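Worksheet: one structure, shown below.
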Amino acid sequence: MNTTTEPGAPASAPPVIDKAQYGLAAFLVIAGGYVVYDAGTLDKAFADQPVQPYTLPFIIGGGLVLLGIMLAVATARGNRPEAEEGEDIDLTHGTDARTVSLLALVLVANVALIEWLGWAITGAFLFAGAATVLGSRNWVRNIAVGVVLSVASWYGFYVGLGVPIPAGILDGVL
Amino acid sequence: MDLLLDGFATALTPENLLFATIGVLLGTAVGVLPGIGPAMTLALLLPVTYSVGADSAIIMFAGIYYGGMYGGSTTSILLNTPGESSSVITAIEGNKMAKAGRAAQALATAAIGSFVAGTIATVLLWIVTPQVADIVVTLGSPSYFALMVLALFAVTAVLGSSRLRGFIALFLGLAVGLVGTSTGQARLTFGEPLLADGIDIVVVAVALFAIGEALWVAAHMRRKPLEIIPVGQPWMSKEDWKRSWKPWLRGTAFGFPFGALPAGGAELPTFLSYATEKKLTKHPEEFGHGAIEGVAGPEAANNASAAGTLVPLLALGLPTTATAAIMLVALQGYGFQTGPTLMDDHPDLVWALLASLFVANTLLLIINLPMAPIWAKLLRIPRPYLYAGILFFASLGAYSVNFQAFDLALLLVLGVLGFFMRRFGIPVLPLIIGVILGPALEEQLTTALKISEGDVSTLWSEPVAVVVYAVMALLLVAMAVTGVRKPAAEEPSLSDTPGNNDDKELVER
């Protein structure tokens, strides 16, 4: 509803092509293709199933492939996405790939370690790691806040909600 | 009526009042955080409600719901940063008012307007929902099927700026909804037994809203300090009251019917309300510079339409907004079969919810008007801690469902999807609705064809279904007509005006 357009927007310049969008189009085609392939591996339905198990997957997969092709065509014609705005978002700079990958790494570490170390430890690491990656340089405080949050949430779930989160390596300590 | 009183009796026990208060506080606290809209608030706090009994959970949930809505409008007014598309309009005039030193009045008219609209809309819900439900139970599967297709179609094609991207989101959601063994055979499970039950919608929602948002913000963190307008106690002068009460009522009148349609949405009624107030106002010169009518009307419309979306949700099991989608998941999580039979099977539950909404709405006003300055302080949480905290609680919520690292991995994968959806401007709502309605659609189709013994013409054998398909055809024609003169994608502009720092504080982030 905010319809003020950029005053300096070039009116007649040749369309700027967002090449990354071809990647998304390819992803859609591949994903759709896989849905169709997966549907092809299904057996015929039981006698009481009027709708074949592969009917919807064929439609949905086919739709994804079609949308991928349409997106590629639209991209070539200069259709560009409106990346999402937000109060903490500054789209005037490019993507900060380093921060994103580090943050993703923190999340991956949490997934990999949680069953061994338990939430109380990985949760603290998750918070401290994410805060540090996002630019909070006071790492002592980051860890302190993380530990308080994770231990408190562990006990909060255990005592307050009666839900025992697996303690992992700290089993018996907490 | 007895049912309603029973509902109130449930909602008003001291224990449940406590849960309602906790819900309102939690919902507002989370909802006021920048970058978190009402739907994300609900998704993040949903696991908390699972741990208490069903009726306490429902009233707590109602509190979170209204708290999240109110928190969202506070953020839009103070930061010009709508958390959801439905509060975009509130942000336009509300933020201008705040910048002109009238933040307290903007917050007050939003809060009281939400209360008025919420109260009227809740009463309308009491009247309308049972009647709609009575009609709905007479419908057969073909009509449900048609209504679901309409909801999917409307959410995807009518809302949002790019239809192509809307349909991309929808089909991705439908594909996610295929995962599992609901047909007796494993579909898209990649041989992973943990995927046999499908992908938990809470994981999908939390991943797309919370993880996707955090990753997206990490990629584009605003490095410059943010302006936050300090707020005192919200209050309104007699003049403000006089200028607000009519917009509140008109906004409610716009909001509820639009919300109640199975193709609802809050954008349209808030926009209509804004346009109407702009036309009717005696102070046209103030519009664009912080007119109180421009906050009062749209905010009431927003709240009334949010309540209106409960009509299709409770009577049909049909969610039309992200918030309603999470709510549907919540009801299913409490062990209730949603859909046309919900009102008959669990009248106690539905009425407890409807009464809870009323109680929560009232509590919200009592609690939040005095506490507005405190909530405003939450806007100053340093951004690294805010987003680290969002990741922390999102992971905790996803993990606490089954205690499986696998769910966290799924959360991350879908979070990365959420990141790229933001990058490519693909809306989240159609995906969520697709995940929920895809399997339901297949089920209704199966039921319909079972009864007709495979005769496809049964799909248009009911009058309601025929009408729904006609409406869709009309929408398609309308789209084709407007599509011809559809302008190129507009650049959304946030009117951050730096250099206007007299009455604002700079917050280090």
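The values are calculated or read from the model by the stated rules, or taken from the named source; none is laboratory data. Treat the numbers as computed from the prediction; the structure is a model and nothing was measured. Neighbour counts run over all protein chains shown; Cβ positions are idealised from the backbone, glycine included. Remember, those area values only see protein heavy atoms, side chains included, never the ligands or the DNA or RNA. Shrake-Rupley method; radii C 1.70, N 1.55, O 1.52, S 1.80 Å.
Data overview
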quantity: Verdict on B:Gly389 being surrounded by fewer than 24 Cβ atoms within 10 Å (Cβ to Cβ) and without any contact (Cβ under 8 Å) to a residue 40 or more places away in the chain; calculated: yes
quantity: Matching residues in the stretch B:397-421 - criterion: being open to solvent by less than 10 Å² (accessible area, probe 1.4 Å) and not small (Gly, Ala, Ser); calculated: B:Tyr399, B:Leu408, B:Leu411, B:Met421
quantity: Residue that is farthest from B:His220 (Cα to Cα), among those in the stretch A:95-111 that are open to solvent by 50 Å² or more (accessible area, probe 1.4 Å) and modelled with pLDDT of 90 or more; calculated: A:Val108
quantity: Matching residues, the stretch B:130-182, being open to solvent by less than 30 Å² (accessible area, probe 1.4 Å), among the β-branched types (Val, Ile, Thr) and more than 22 Å from A:Met70 (Cβ to Cβ); calculated: B:Val136, B:Val179
quantity: Test for B:Leu364: is it more than 20 Å from B:Ile326 (Cα to Cα) and either of a type in the set (Ser, Thr, Tyr) or buried (at least 23 other Cβ atoms within 10 Å of the Cβ) (or both); calculated: yes
quantity: Residue in the stretch B:136-158 that is of a type in the set (A, V, I, L, M), without any contact (Cβ under 8 Å) to a residue 60 or more places away in the chain and part of a helix (DSSP H, G or I) present; calculated: no
quantity: Pair list, Cβ under 6 Å, 6 or more apart: the stretch A:43-59 residue more than 18 Å from B:Leu188 (Cβ to Cβ), other residue open to solvent by less than 50 Å² (accessible area, probe 1.4 Å) and assigned to a helix (DSSP H, G or I); calculated: A:Pro50/B:Leu449
quantity: Residue within the stretch B:177-190 that is under 20 Å from the mean Cα position of the chain (by Cα), assigned to a helix (DSSP H, G or I) and of a type outside the set (Val, Ile, Thr) present; calculated: no
quantity: Subset of the stretch A:28-48 (residues that are outside any loop (DSSP other than H, G, I, E, B) and either facing chain B (nearest Cβ under 7 Å) or open to solvent by 30 Å² or more (accessible area, probe 1.4 Å) (or both)); calculated: A:Leu28, A:Val29, A:Ile30, A:Ala31, A:Gly33, A:Tyr34, A:Val35, A:Val36, A:Tyr37, A:Asp38, A:Gly40
quantity: The one condition in (1) open to solvent by 10 Å² or more (accessible area, probe 1.4 Å); (2) within 20 Å of B:Leu174 (Cα to Cα); (3) within 14 Å of chain A (Cβ to nearest Cβ) that B:Leu437 fails to fulfil; calculated: (1)
quantity: Residue check, A:Ile143 away from every other protein chain (no Cβ under 11 Å) and surrounded by 13 or more Cβ atoms within 10 Å (Cβ to Cβ); calculated: yes
quantity: Count - residues of the stretch B:457-478 that are more than 16 Å from B:Val149 (Cα to Cα) and of a type in the set (Val, Ile, Thr); calculated: 1
quantity: Unmet criterion (only one of (1) modelled with pLDDT of 90 or more; (2) over 20 Å from the mean Cα position of the chain (by Cα); (3) aliphatic (A, V, I, L, M)) for B:Ala219; calculated: (1)
quantity: Number of positions in the stretch A:49-73 that are surrounded by fewer than 17 Cβ atoms within 10 Å (Cβ to Cβ) and within 7 Å of chain B (Cβ to nearest Cβ); calculated: 2
quantity: Residue within the stretch B:188-195 that is in contact (Cβ under 8 Å) with a residue 40 or more places away in the chain, buried (at least 21 other Cβ atoms within 10 Å of the Cβ) and out of contact with any Ser or Thr (no Cβ under 7 Å at 6 or more places or on another chain) present; calculated: no
quantity: The stretch A:146-167 - residue that is more than 10 Å from every other protein chain (Cβ to nearest Cβ) and more than 26 Å from the chain's Cα centre (by Cα) and, of those, least open to solvent (accessible area, probe 1.4 Å); calculated: A:Ala167
quantity: Selected residue (only one of A:Leu170, A:Leu134, A:Leu117, A:Leu113 is under 22 Å from B:Phe209 (Cα atoms) and either within 8 Å of chain B (Cβ to nearest Cβ) or not small (Gly, Ala, Ser) (or both)); calculated: A:Leu134
quantity: Test result for B:Phe271, part of a helix (DSSP H, G or I), open to solvent by 20 Å² or more (accessible area, probe 1.4 Å) and away from chain A (no Cβ under 14 Å); calculated: no
quantity: Within the stretch A:49-84, considering residues that are closer than 18 Å to B:Pro439 by Cβ and assigned to a loop (DSSP other than H, G, I, E, B), the one modelled with the lowest pLDDT; calculated: A:Gln49
quantity: Verdict on B:Ala205 being open to solvent by 10 Å² or more (accessible area, probe 1.4 Å), within 27 Å of the chain's Cα centre (by Cα), under 24 Å from B:Ile326 (Cβ atoms) and among the aliphatic types (A, V, I, L, M); calculated: no
quantity: Extreme residue, nearest to the other protein chains (Cβ to nearest Cβ), among residues of the stretch A:17-27 that are open to solvent by 10 Å² or more (accessible area, probe 1.4 Å) and under 20 Å from the mean Cα position of the chain (by Cα); calculated: A:Leu24
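To keep it simple, each residue is scored yes or no on (1) out of contact with any strand residue (DSSP E or B) (no Cβ under 9 Å at 6 or more places or on another chain); (2) part of a helix (DSSP H, G or I); (3) free of Cβ contacts under 8 Å to residues at least 24 places away in the same chain; (4) surrounded by fewer than 24 Cβ atoms within 10 Å (Cβ to Cβ).
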residue: B:Gln233; (1), (2), (3), (4): yes, no, no, yes
residue: B:Glu239; (1), (2), (3), (4): yes, yes, yes, yes
residue: B:Phe254; (1), (2), (3), (4): yes, yes, no, no
residue: B:Ala291; (1), (2), (3), (4): yes, no, no, no
residue: B:Ala296; (1), (2), (3), (4): yes, yes, no, no
residue: B:Asn302; (1), (2), (3), (4): yes, yes, no, no
residue: B:Ala306; (1), (2), (3), (4): yes, yes, no, no
residue: B:Gln337; (1), (2), (3), (4): yes, no, yes, yes
